[in-house]
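Where a number appears in this text, it was derived from the coordinates with a stated rule and is not lab data. In this text the structure is predicted, and so the values were computed from the model without any measurement. Positions of Cβ are generated from backbone atoms using ideal geometry, with glycine treated the same way; all protein chains shown enter the neighbour counts.
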Amino acid sequence: MSWAFLTRANSERDLIDELGSSFKPRQAAEGLVSAEARPKRHDGHLAELAFARQAMKVAGTAPTDPPRLMKALASALADHEPKRAREGTWTWALQVVAPDGNDPLDPRRKVAAAIEEALEAQLADALPASVQARRVGDAEADRLLQVWVGTPDKAWIGLTAGTQVQSRVAGGKTKLKRPADAVSRSGLKLEEAIGWIGLGPDKGDLCADLGAAPGGWTQVAVGRGATVIAVDPAKMKVELPKKRFVHAQQSAFEYVPAETLDWVICDMAWRPIEVAQLLAKWGNRVWARQLIANFKLPMTQKAAILRQVLRILEDGGWRGLRARQLFHDRDEVTVFGWLDPGLAVLGPKPPFEFRSRAKQTAEGPKKAPRPRKEPRGRGGRATGRGDGPRGRSGGRSSPRGGPRKGGRGGRAR
């Protein structure tokens, strides 16, 4: 059974590189990539793909005229009736999508809209009663009956388990509306990331926002109830409650927290490898339990750079790493991870010595430096302690070795 994937227009090559040649991926249409198989994780489950918005287990292709398309869809559902008998009753939902394209007047969009209208009108009469009764909404469906209009006259169809898709949203496009008081559009990236992950900085959490200015991510985290230390030499453009917000006006490469935090979030306009090395240091030194970071990728070799970023983060002690080019990302990828509980139990290491960006590594200095005066960086004095409010200390690993949401941890020893 072959697979197909929706991706951002002009990201087809990135997805093909991510899949790898062994799966024989190819661009089937603009915004649509097909492959003979799909990568799996070490535990045998299907891998989540960073550059794919949606996934489909392909049943075949069909003409886009509604009568013949309806016949193909009915056949796809009928082919799964034996599985239904073995597995028991399952539910399904219909999604008709036009892949991404560069043409603002892409004809596939009109075709998809017409197909969806026709199918909605005909489904009740064309499908068996047993099938009709099991149709539900996208979020609740066990399987998605998918129709992707790859070309104006050709559609890809499939019936994919809800656990195997990339998103429950049609086309994988989670569109959010920018609040009127939002200081920048970047806050939408964090909001979408939290929805994708299923958790994020929340009430009672202590969070560091690296490269925070002008304050889009800080604004979202504080709005969710977290206390945020915003780290950036530039001025912040948000006014937030002083009890839950402080500005550490210094470089993110110099800042050291006073104790282990619940979250480190990062949306820095900086080279991705250097940002990964900085965040690996946060993991190795047990400065935060959970991570959400946005990495700005180069115009070429995005998949290769992303693999390097993830290796650096894993070497830094971050586990459960997930990466996705979200709808509100541009030439970026958002990454989530949680700290290795083995590191958390050991507690934070002594503050690192800031030498220079060129000499920084994910592991920090090999040996303790000689005592000397604190150097001044471009963004201000490196004090060796955080300038923000004190919060929960680290040291307690999360249940089952996974990410932990909320709750007070014990002080790291």
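Which of the pairs K154/K175; K57/K189; K173/K302; K57/K302; K40/K177 have their Cα atoms more than 31 Å apart in this structure?
Distance filter (> 31 Å) returns K40/K177.
For the stretch 243-257, take each phi angle, set θ = phi - 60°, evaluate the Karplus expression 6.51 cos²θ - 1.76 cosθ + 1.60, and give the result in whole Hz per residue in order, putting x for glycine and proline.
The phi angles translate into 5, 10, 7, 9, 9, 8, 7, 7, 5, 5, 6, 9, 5, 10, x Hz.
With a 10 Å radius around each residue's Cβ, average the other Cβ atoms per peptide and rank 320-328, 50-58, highest first.
Ranked by mean Cβ neighbours within 10 Å, highest first: 50-58, 320-328.
Between T91 and A74, with labels modelled 7 Å along Cα→Cβ, what's the label distance in nm to one decimal, could you check?
About 2.5 nm, to one decimal.
Under 5 Å between amide hydrogens, which residues at least 5 positions from R143 or on another chain qualify, with H placed 1.01 Å from N in the peptide plane?
T91, W92, A93, G162
Report the gain in length on full extension from K243 to V345: 0.36 nm times residue separation, minus Cα-Cα distance, nm rounded to one decimal.
33.8 nm
Residue-wise, which Karplus ³J(HN,Hα) couplings in Hz belong to the stretch 199-214, taking 6.51 cos²θ - 1.76 cosθ + 1.60, θ = phi - 60°, and x for glycine or proline?
7, x, x, 9, 4, x, 7, 10, 9, 9, 10, 8, x, 6, 5, x
Quick one: if the Förster radius is 41 Å, what FRET efficiency do A234 and K24 give, using the C-beta to C-beta distance and rounding to 0.05?
0.30
What distance in nm separates the two pseudo spin-label positions at V136 and D65, each 7 Å out from Cα along the beta-carbon direction?
If labels sit at V136 and D65, their model points lie 3.7 nm apart.
Using only the Cα atoms of the stretch 189-283, what semi-axes does the equivalent ellipsoid have when each is the square root of 5 times a gyration tensor eigenvalue? Give whole Å, largest first.
They are 18, 16, 13 Å, listed from largest to smallest.
Please give the length that would be gained between R330 and Q164 if that part of the chain were fully extended, namely 0.36 nm times their separation in residues minus their C-alpha to C-alpha distance (nm, one decimal).
Stretched fully, the R330-Q164 segment lengthens by 57.3 nm.
In nm, give the distance between the simple-model label positions of K154 and T300, each being 7 Å from the Cα along the Cα-to-Cβ direction.
So the label points at K154 and T300 sit 3.0 nm apart.
Cα convex hull of the stretch 230-301: mean projected area in nm², to one decimal?
5.8 nm²
How would you rank 208-221, 280-293, highest first, on the average number of other Cβ atoms within 10 Å across their residues?
Ranked from most to least packed, the peptides come out as 208-221, 280-293.
Could you calculate the FRET efficiency of A47 with A180 from 1/(1 + (r/R0)^6), where r is the beta carbon distance between them and R0 is 35 Å, rounded to 0.05?
It comes to 0.35.
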